[in-house]
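Structure first, commentary second.
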Amino acid sequence: MQDIAILIPAAGTSSRMRGRDKLTEIVSGESLLRRQAQTAMATGAHVCVTLPDYEHPRAGALAGLPVQLVGVPDADLGMSASLRRGVAMLPRGMKAVVVLPADMPEIETDDISRLIEGFRATPYPMLQQATAADGTPGHPVLFPADCFSAILQLTGDQGARDILKANAHRLRRIALADERALVDLDTPEAWDAWRGRPPEKLSVPAE
């Protein structure tokens, strides 16, 4: 499946964590970022991770994993910088890229695979967006290769929302279990609340 890429934007500053780095928080014995990379790798796709720089502690969290690392020196410009640089550095021949936020600890390998399988099952390239069980749009999102040029022109911190709007006519939504497509952890309070839920409500991370 090396003609599909998974891009994990991990160049942000975790500014809302008040001194902690959300991507090195521990989830099931691993840092969240390493867990996300392993979850993505298990699909068989090419995995690319953006970082503030190659010497950042987050790079250490990925030590030994066969993932592509991309430094983002202009990460202060927002999410668009990670998306632009990540997509620009992907190997040639990629048919699509799945954007997998780094701070979503409930996403599993099967969830990502469903987006990839949905893309492969259509006779023409369609965007694939994960939703909560009730249909609320969320992440991850798969963008066909013909969207790459639009991604390379993104600015600011809005991600790829405008690309989704412009391609609404060919956007396929895939419902994931519960609210895993919506759960992102940006603050210490969010982490504490997530960790404090009853065990039966916690998703089991993919091996």
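Rule-based calculations on the coordinates, nothing more; no lab input. Owing to the predicted nature of the structure, the values given are computational and were not obtained by experimental measurement.
Results, tabulated for the structure shown:
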| item | result |
| --- | --- |
| Relative contact order of the chain, defined on C-alpha pairs under 8 angstrom at six or more residues apart (%) | 25 percent |
| Inverse of mean 1/r across different Cα pairs in the stretch 137-192, Kirkwood, Å | 13.4 Å |
| In sequence order, calculated HN-Hα J values of the stretch 166-173 (Karplus, 6.51, -1.76, 1.60; Hz; x Gly/Pro) | 5, 10, 4, 6, 10, 9, 9, 9 |
| Most mobile listed residue (A102, A81, A132) in the chain, GNM with C-alpha springs under 10 Å | A132 |
| Option label - Rg/Rh (Cα atoms, Kirkwood Rh) computed here, alternatives [x] 0.98; [y] 0.93; [z] 1.05 | [y] |
| Gained length - D3 relative to T136, 0.36 nm times residue gap less alpha-carbon distance | 45.0 nm |
| Gyration tensor (alpha-carbon) shape descriptor, the stretch 1-105, a/c threshold 1.5 | oblate |
| The stretch 35-88: relative contact order as a whole-number percent, Cα under 8 Å and 6+ apart | 35 percent |
| Nonlocal amide H pairs with I174, under 5 Å, H built at 1.01 Å | Q129, A130, T131 |
| Extension reserve of the A88-A175 stretch, reckoned as 0.36 nm per residue once the Cα distance is removed | 28.4 nm |
